[in-house]
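The structure appears below as structure tokens.
FYI, it's all coordinate maths here, none of it is from the lab. If you're wondering where the values come from, they're calculated on a predicted model, not measured in any experiment. Cβ placement follows ideal geometry from the backbone for every residue including glycine, while neighbour counts extend to all protein chains displayed.
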């Protein structure tokens with residue numbers, strides 16, 4: 001396991017000229033992984049990012065946000081097609097940056113109404129078809145795709161590990177798996193450790209986020225159970241602490257209305273310290 005932080009703690013989306021220096025900061029705090037939120041219109045210098053990854057002995061994970069304009073679950077074929085093109089962009093970006101992990105997040109495309117029966121089944125099938133469509137491209141690029149499970153307030157489709165595994169079985173591609181987040185699990189799962197064990201070797205990415213999105217260890221999560229379950233499934237992927245700056249683009253989207261630490265640096269440093277201690281890295 002390699003642990004690190006999402007640069008959303010400071011700002012998002014990633015822009016090379018503003019955020020590249022944070023790679024060294026994270027490495028100084030003991031981080032081994034950098035996670036970025038990338039957008040097509042953002043300033044991204046692939047060569048500079050690769051250089052900083054190498055110089056600081058880091059790994060890189062990329063978050064790809066799928067909003068309503070490219071919703072993979074849309075009943076509109078043209079919208080889903082645009083979603084597949086967006087996924088291709090993210091996979092190719094990972095390839096350019098030397099990243100081996102793409103997390104796909106459909107939160108901003110999530111509905112606020114009840115879906116039952118055939119309506120829900122059809123939308124799950126749409127998502128599966130889109131993910132499968134880029135599976136081989138991801139494999140050729142050496143990129144694994146992890147579908148992020150979100151809580152009920154952010155999507156009406158997939159809220160639990162068991163629902164995620166339902167999707168993954170339909171996708172049926174070796175390079176498409178699950179991204180679990182301890183913040184979301186605190187809202188949805190009866191037992192976070194059991195949820196991790198139920199995903200098993202299809203767990204491709206983990207966000208070790210506190211139930212209040214502050215420093216892990218100070219919320220409601222059972223970190224001992226989480227750590228044991230990761231050992232039980234022999235998890236060898238990335239463990240990333242993600243939080244948001246309330247003044248950034250993602251602050252309001254993440255419902256961050258108060259300071260979670262006295263500075264983003266403190267949040268990142270204390271979060272990494274906790275992960276190293278509890279997860280035994």
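Debye calculation, C-alpha points only, no solvent: report log10 I(q)/I(0) for the range 193-236 at q = 0.27 Å⁻¹, in the same order as the q values. Each listed q maps to, in turn, -0.96. If you wrap the range 175-281 in the convex hull of its Cα atoms and look at it from every side, the mean projected area works out to 6.9 nm².
Fully extended, how many nm does the chain gain between residue 152 and residue 125 (0.36 nm per residue separation, minus their Cα-Cα distance)? Before the final figure, lay out the partial values.
On the way: separation 27, 0.36 × 27 = 9.72 nm, distance 1.93 nm.
Here the segment from residue 152 to residue 125 would lengthen by 7.8 nm.
Taking 0.890 mPa s as the viscosity and 25 °C as the temperature, the Stokes-Einstein diffusion coefficient of the range 232-281 based on its alpha-carbon Kirkwood radius rounds to 196 µm²/s. Placing a pseudo-label 7 Å from each Cα along the Cα-to-Cβ vector at residue 46 and residue 253 gives an inter-label distance of 2.3 nm.
Put simply, the convex hull of the Cα atoms in the range 1-111 casts, on average, a shadow of 7.2 nm².
The value for the range 134-178 of Rg(Cα) / (2.2 N^0.38 Å) is 1.24. Here the extension length gained between residue 16 and residue 278 equals 91.1 nm, from 0.36 nm per residue of separation less the Cα-Cα distance. Distance between the 7 Å Cα→Cβ label points at residue 55 and residue 212: 3.8 nm. Average 1/r across all pairs of distinct alpha carbons in the range 139-208, invert it, and you get the Kirkwood radius: 12.1 Å. Length gained on full extension, residue 261 to residue 78: 61.6 nm, using 0.36 nm per residue less the C-alpha separation. Secondary structure note: in the chain, about 0% of the DSSP beta bridges are antiparallel. Equivalent ellipsoid of the chain: semi-axes from √(5λ) of the C-alpha gyration tensor, largest first, are 26, 22, 18 Å.
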